[in-house]
Each structure stands twice: as C-alpha cells, then as structure tokens.
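Some notes on the structure that comes next.
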Amino acid sequence: MTLKTTISEAAARTGAPSISSLMKLALERPEVVSLAAGFVDQQSLPVQATAAAVAQILGDEPAGRAALQYGTTIGDEALRAILVERLEVQHGVPPGTYRKAVGRTVLTTGSAQLIYLVGEALLDPGDIVIVESPTYFVFLGPLETRGARAIRTPIDEGGLRLDALERTFEEIRDRGELGRVKLLYTIPEHANPTGISLADDRRKPLLDLVRRWSETAGRRIPILEDSAYHGLSYGRDEARSLWSLDPEGETVILARTFSKTYSPGMKLGYGVLPADLVDPVLSIKGNHDFGTSNLVQKLVRLVLANGEYDRHVERLKALYARKRDVFLEAIDRHFEPLRDRVSWTRPEGGLYVWMTLPEGVDTGFDGPLFPRCLSEGVIYVPGEFAFAPEPTPPPRNHLRLSFGVPDEATLAEGARRLAGAVRATIG
Ligand SMILES: Cc1ncc(COP(=O)(O)O)c(C=O)c1O
C-alpha cells in the first residue's frame, strides 16, 4: 500500500504564488515581451562594485573570517546603526535623534521575510488585515497560510482613501469584528501594483485615524509600511515615510529592502519595529534561519559606507526614469484610440503601471485578453491577483504592467502588441 503524506492545515491553505506560471512562461518563450516580472533591469546590476566589496572583505583574513561566520539573529549592529543614521539624514533630523531605533531594527532575508515574520508574530487564524485595493499580491500568500482574512479598502490617485478607510473600520465594527483587526498593510511609495503614492496631506491623518480606531479597539493596530520602492523616485523628492511621523514606533512598522535599489540576488531587507514586537519577531526569525546572511550584510555595509550604493541608485533612477518615459509615451500613442475606455497610471517612481479596461473585460488567464496577448507576444500580470477576496468578489478588468526588465525598444514593442490585443478584445 502506498501511504500518503498528510500536510498541515497551513500548507493545505497555501496556494502556489499566483505568478509562478508567468515566470515559467517568460523563461520558456523568450520571444514574448514580459511586462509581467517585477525583476530589476539585468544590465544595471552592480557587478563591479560588489566584486570590489567582496575582494576587500575577503582580502582581509580576520574580516573575511568574520563575514563567513554566523552573525546574530537581529543582524550586524554597525549596519543597523548606518541604516538608522540614513533615516535621520532622509528626515532632516539631528544626528542621534533616532539612536534608540537601532535596537528595534532587524535585518531580514529580503523585506519579504520581514513582512512574513510580522504576519506570523501578529496573526491567528480568523484575524483581519486591512489592505489596499489593489495590494502587493505576494503578501496575500502569507495571510492565507496564517488563515487570516484580508479585507480591502479603496485607493484613488492619492493612495489610501481615508473616508473609505473610516467606513471599512465602521463596517468591521458593526459586524462585531473590530477585535479581530490586527494590522493595516500599505505601500505608500510608488506602490506595487499601481505605481501610486500616498498623498503627503493624508499621511499624518492616516496615522491619527488608525490610532483612533486602536483606542476604540483597546489595542494597538499597527500599520505595516512597506516601502520596497523607496529611493526610486523619478523627478520628485522622496516622500516622508509614515515612520518619520512615528519614530518611537508607536504605530508604524517600517519595511525596506535593498532588492530594488541594489540587488535582489543579495536578498537583504530590514524592518524598524515597535519595541514590543522586536522579541516576538526575533524569536520566530531565530527559528526560521538564526539570522540573515552575514556576508551579504557586510557587503551592503561596505557599499553604503564607500558611496557605491548611492552612486548606483542615482544611475538607476536615471535609467528607470527613461524606461518609464519610453513606456508611457508608447502606451499613450498606441492606446490613443481607446483613451475614453482604457486608463492607466503615470508613476513618479517604482516599476509599475496599472491599467484599467472597461468593466466586464476579464484580464485573467481564462478570459479573452490573456491568450490574445500571448499570441501577439506580450504578457502582463492579471490585476485580479492583487485584490483581497473580501468584502466583494475582486474586479477582473485590470492589468499590472512592469517596465523594469525590458530594454527601451522592447518596452515600446510590448506596448504596441498589448494595444493590438486590447483593441482586438474590446472592439
Ligand atoms: C511591495 C513589495 N514588498 C516587498 C517585496 C519583497 O522584496 P524583497 O523580499 O526582495 O525585499 C516586493 C518585491 O517585489 C514588493 O514589490
């Protein structure tokens, strides 16, 4: 008799990441223009600066041995201090203002691990996380694994709509479920998937609103501020983070990463946590992996200290700003005849454009557009993946388009093919 393995309820709840089939497709069909992958520009990756940093660290025997040893679970203290000092510079506050935050800063294996750990530390099955509509679809996976419910709240061109968020809280309260709300997850800078940023004049009111509802709930409802695209602003200043309005960490959990601004292959992220979340997160992280790659932390510390990181970010911003311009110009041109029925965002940073087709047009794998696009030689991420399932069935008429990977000519060609497929689909 062949016996079957019984998997856990958590594993059974967990589906494969929604875009794994798209990744496979892009690899198998290189002639297809992929506007789907959220990868970074391949040619821009900082090989020389990283090679020099590796040579410097390993060229010094004691430093090399230290880097090749395990580190601590919380991560390299000198690097954490540098990260906090950089927050002080970004927020224009005197050196030392955030000194206490060094002990609340945790280095993680990408920001994906940080947001996963926060979910593990906060959520029990049946708990509620309020997310933007649409949101970063990968975060919906860990919520599914935890058995938590994601409830969406609308955004507009200024990000989270505070009036709508107020209503979302009221509806949850009226159902008697306020006690289950454990987290608000937001991407206030050049969001994935929309490219939209939270308007400056909504930032402090957002904090006030969530604090007021925390008082009503009788318990802190943290805001998880995922700023994965921080640093990649094109032609505008970087926004002040929500965390800068709450540096004591009363409410805001800040999540950042070096993946988009330096190298996703190095997979280094970090979080600045409220004091009472540090130990729970570190205990769970200790069980996951003991600590993030020590060598990677030393490398990032060095490229931050020697200026290579900042020079790289400047080059990247120029590169992505050009790609964004070429892509939007091609979209504007090819979609001109459809302008009254199709709309798209104009991101001031990040890597994504969010397109909206007329209601009723299904952009999913089983709808008419996706196979049409595939035969034209272009793919995108169906927008439906980016919507939490509650409170109503997700809309299906959106597309996430990424301009990070293809070169300028390929982006223009991708826009042309996409417009052809959309025209053929919606008539
Ligand atoms: C919004 C957002 N958060 C987090 C991540 C995770 O990135 P990493 O784990 O590489 O830091 C991504 C990656 O695409 C993202 O788009």
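The values are calculated or read from the model by the stated rules, or taken from the named source; none is laboratory data. Every value quoted in this text rests on a predicted model; they were computed, and no experiment measured them. Here the Cβ positions follow ideal geometry from the backbone for every residue, glycine too, while neighbour counts run over all protein chains shown. Ligands, DNA and RNA are stripped out before the accessible areas are found, and what is left, the full protein with its side chains, is counted by its heavy atoms. Shrake-Rupley method; radii C 1.70, N 1.55, O 1.52, S 1.80 Å.
Observations on the model:
- Hits in segment 131-155 - residues which are without any contact (Cβ under 8 Å) to a residue 40 or more places away in the chain and open to solvent by 40 Å² or more (accessible area, probe 1.4 Å): PRO154
- Pairs meeting the criteria (first residue in segment 328-352 and open to solvent by 20 Å² or more (accessible area, probe 1.4 Å), second residue modelled with pLDDT under 95 and part of a helix (DSSP H, G or I), beta carbons under 7 Å, at least 6 apart or on different chains) are ARG341/ILE426.
- Number of positions in segment 83-125 that are more than 16 Å from the ligand (Cβ to nearest atom), on the phi < 0 side of the Ramachandran plot and of a type outside the set (A, V, I, L, M, F, W, C): 15
Per-residue answers, yes or no, for (1) within 30 Å of PRO280 (Cβ to Cβ); (2) open to solvent by less than 40 Å² (accessible area, probe 1.4 Å); (3) part of a strand (DSSP E or B):
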{"site": "MET23", "(1), (2), (3)": "no, no, no"}
{"site": "GLN43", "(1), (2), (3)": "no, no, no"}
{"site": "ALA49", "(1), (2), (3)": "no, yes, no"}
{"site": "VAL54", "(1), (2), (3)": "no, no, no"}
{"site": "ILE57", "(1), (2), (3)": "no, yes, no"}
{"site": "ARG65", "(1), (2), (3)": "no, no, no"}
{"site": "LEU87", "(1), (2), (3)": "yes, yes, no"}
{"site": "PRO94", "(1), (2), (3)": "no, no, no"}
{"site": "ALA101", "(1), (2), (3)": "yes, yes, no"}
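- For first residues located in segment 179-198 and under 12 Å from GLY158 (Cβ atoms), partners that are buried (at least 24 other Cβ atoms within 10 Å of the Cβ) and basic (Lys, Arg) and lie 6+ apart or on another chain with Cβ distances below 9 Å form the pairs THR194/ARG400.
- THR356 buried (at least 22 other Cβ atoms within 10 Å of the Cβ) and outside the structural domain of GLY126 (by TED's automatic domain parsing): no
- Within segment 1-21, the residues that satisfy the criterion of being part of a helix (DSSP H, G or I) and either open to solvent by less than 100 Å² (accessible area, probe 1.4 Å) or closer than 21 Å to LEU399 by Cβ (or both) are ALA10, ALA11, ALA12, ARG13, SER20, SER21.
- Members of segment 187-201 that are within 10 Å of the ligand (Cβ to nearest atom) and out of contact with any helix residue (DSSP H, G or I) (no Cβ under 8 Å at 6 or more places or on another chain): ILE187, GLU189, HIS190, ALA191, ASN192
- Hits in segment 251-265 - residues which are near the ligand (Cβ under 9 Å from one of its atoms), of a type outside the set (Ser, Thr, Tyr) and part of a loop (DSSP other than H, G, I, E, B): PHE258, LYS260, PRO264
- Qualifying residue in segment 231-246 (condition: free of Cβ contacts under 8 Å to residues at least 12 places away in the same chain, at negative phi and away from the ligand (no atom under 15 Å from the Cβ)): yes
- Residues in segment 131-159 that are part of a loop (DSSP other than H, G, I, E, B), at negative phi and more than 15 Å from the ligand (Cβ to nearest atom): ALA148, GLU157, GLY158.
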